[in-house]
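Enquirer: Handing you this structure, nothing more for now.
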Amino acid sequence: LCLGRIKGTILPGAPYEYVYGRDQEIIRCPWHGWEFEIATGRTYFNPHRIRVRTYEVTVEPAVDDVRLETFDVTTEGDLVVLHA
Amino acid sequence: MPIIDCDVHNRFKGRILDELGPYLPRAFRENIEEFAETGAMPLPSAGYLNGSNLGYRADSWPASGPPGSDLDLMRAQLLDVYNVEYAILLGQELRIVGALPDADYAAALASAYNDYLIERWLSQDPRLKGAVLIAPQDVRAAVKEIERVGGHPDMVEVLVSNGARLPYGNRYYHPIFEACEAFGLPFGLHTGSEGVGINLSLTVAGSVSYYVENRQVRPQGYMTHLTSLIFEGVFEKFPRLRVVFAEGGYAWLAPFLWRLDADWRALRRQTPWVKRPPSEYVWEHVRFTSQPLEEPEPPSALLDVLAWNHADRTLVFSSDYAHWDFDSPVDAFPRLPDPLRRRIFYDNALELFGLSPRRPAHAGRPTEGTGIVHGH
């Protein structure tokens, strides 16, 4: 899922109307294109029942700790810590 | 238990033009009499054979006229013997009007038929209800026809054929749905007219050669119309609209919807007005008549099909009287749980057509006086 593209989506509306919104709030699964809300992990089509597991994420000061598996991300000088 | 039969075929007793003539504008009547090469009303045909006995139960031929043309015999063979509280008459010969190249002629025939239906059938027995036949070639004329006779208390449906020039969800047809909704009439499709006249081919590969094949490919058209109705947003735009598919199979429904629901999850944003899984629109808005009921192997598998298809909401009984492949209300179904049986044979149709029970006592005591003996 982390390889999915981050986009907005076309919002539910009246027949034959296309309204784009939620820009940068939606990640699309790279396989079938299911849309997930990044903030909650919930699918756009069925947020109450179908979602991916989410983890708390915080941005913390950089430390040199070999127990941490790190990934290349862009931060403004700090570490992103995934609390799995 | 009384039942409602949602697909019964009334027919003309003699020459169609003789019986329809009084209801046709003089211009059309005289044009037929003067210019029709056969001397009869020109109606196109797909050219297939039909079932045994010229397509009808051997015992359904009245003393004069074809099967389905004699109300007394219809009473004796269907309405009385099976405790039919309502029978929905879907006609026969004139359902082809949608295939005619001349939109005005088609609309005139449909109007004449509707007047004939009201006067010669619906007014003759309180159990008979009818469908407003429309010619979809001219949507404005179709809407006018619904407005003209759709308010008649015995008209409970609007009717077209499976054969078409565009899938029925297309925006071209939406004024028809607006009228259906305004009059509280379900939009009904009956198989037939595919590949005839101006209508498009029976299948994507053209016409099959034989009648037995023709019968089995009907669901292709219904699948097309159904997905079109869902994805063109018809049920979002007309939230009170109901659609009923007659005589085009039923067991295909659930597998079709499984696929559709799965695809909708991935492709939802291409049609963002489809806000719910496709299956949910079907459960709420779409109904299917039962005949010819599928016969799974093993037969008990039918109960699975009924569960998958939410038959307690989506299935309405039909006999197809007096056709050769008539489904008996007594013998066609395997034993069903009573509540489900009641939904299929009575309640679903009562709700679909906005009918009232003719005998109020029935509403409070659903199991009393059952005239139906379970088959098998």
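The values are calculated or read from the model by the stated rules, or taken from the named source; none is laboratory data. Source: prediction; values computed, not measured. Don't worry about glycine lacking a Cβ; one is built from the backbone with ideal geometry, like all the others, and counts go over all protein chains shown.
Enquirer: Based on what the data block shows, is B:ARG148 closer than 21 Å to B:GLU232 by Cα, away from chain A (no Cβ under 14 Å), free of Cβ contacts under 8 Å to residues at least 40 places away in the same chain and surrounded by fewer than 17 Cβ atoms within 10 Å (Cβ to Cβ)? Can you show your working first?
Expert: On the way: closer than 21 Å to B:GLU232 by Cα: no; away from chain A (no Cβ under 14 Å): yes; free of Cβ contacts under 8 Å to residues at least 40 places away in the same chain: yes; surrounded by fewer than 17 Cβ atoms within 10 Å (Cβ to Cβ): yes.
When the stated conditions are applied, B:ARG148 does not pass them.
Enquirer: Go through region A:1-33 and give me each residue that's outside any strand (DSSP E or B) and in contact with a strand residue (DSSP E or B) (Cβ under 6 Å, 6 or more places away or on another chain).
Expert: Here is the first cut: in region A:1-33, the residues outside any strand (DSSP E or B) are A:1-4, A:12-18, A:29-33.
Selection gives A:GLY4, A:GLY13, A:TYR18.
Enquirer: Based on this model, can you work out whether A:ILE27 counts as crowded, with 18+ Cβ neighbours inside 10 Å and more than 10 Å from chain B (Cβ to nearest Cβ)?
Expert: Numbers: crowded, with 18+ Cβ neighbours inside 10 Å: yes; more than 10 Å from chain B (Cβ to nearest Cβ): yes.
So A:ILE27 fits the description; yes.
Enquirer: OK, next. Only one residue in B:ARG343, B:ARG265 is at pLDDT 95 or above and within 30 Å of A:THR43 (Cα to Cα), so which one is that?
Expert: Working: B:ARG343 fails: within 30 Å of A:THR43 (Cα to Cα).
That would be B:ARG265, the only listed residue that is at pLDDT 95 or above and within 30 Å of A:THR43 (Cα to Cα).
Enquirer: Same structure again: So, in region B:257-285, how many residues would count as being charged (D, E, K, R), part of a helix (DSSP H, G or I) and more than 8 Å from every other protein chain (Cβ to nearest Cβ)? Write out each step before concluding.
Expert: So in region B:257-285, the residues charged (D, E, K, R) come out as B:259, B:261, B:263, B:265, B:268-269, B:275-276, B:280, B:284.
Retained after the next criterion (residues that are part of a helix (DSSP H, G or I)): B:259, B:261, B:263, B:265, B:268-269, B:280, B:284.
Now restrict to residues that are more than 8 Å from every other protein chain (Cβ to nearest Cβ): B:259, B:261, B:263, B:280, B:284.
Residues flagged as charged (D, E, K, R), part of a helix (DSSP H, G or I) and more than 8 Å from every other protein chain (Cβ to nearest Cβ) within region B:257-285 amount to 5.
Enquirer: Which members of region B:41-60 meet the condition of being in a loop (DSSP other than H, G, I, E, B) and surrounded by 12 or more Cβ atoms within 10 Å (Cβ to Cβ)?
Expert: So in region B:41-60, the residues in a loop (DSSP other than H, G, I, E, B) come out as B:41-51, B:57.
Those that are in a loop (DSSP other than H, G, I, E, B) and surrounded by 12 or more Cβ atoms within 10 Å (Cβ to Cβ): B:MET41, B:PRO42, B:LEU43, B:PRO44, B:ALA46, B:TYR48, B:ASN50, B:GLY51, B:ARG57.
Enquirer: Can you give me the number of residues within region B:310-346 that are in contact with a strand residue (DSSP E or B) (Cβ under 7 Å, 6 or more places away or on another chain) and assigned to a loop (DSSP other than H, G, I, E, B)? Don't jump to the end; show me each part of the working.
Expert: Going through region B:310-346, the residues in contact with a strand residue (DSSP E or B) (Cβ under 7 Å, 6 or more places away or on another chain) turn out to be B:314-324, B:329, B:344-346.
Applying the additional criterion that residues be assigned to a loop (DSSP other than H, G, I, E, B) yields B:317-322, B:324, B:329.
The total comes to 8.
Enquirer: Every residue in region B:305-323 that is acidic (Asp, Glu) and touching a helix residue (DSSP H, G or I) at 6+ places or on another chain (Cβ under 9 Å), please.
Expert: As a first pass, look at region B:305-323 and keep what is acidic (Asp, Glu): B:312, B:320.
Residue satisfying the conditions is B:ASP312 alone.
Enquirer: Having 3 or more residues that are modelled with pLDDT of 95 or more and within 14 Å of another protein chain (Cβ to nearest Cβ) is the bar; report the helices (runs of 4 or more DSSP H) wholly within region B:177-253 that clear it.
Expert: B:218-231, B:234-237
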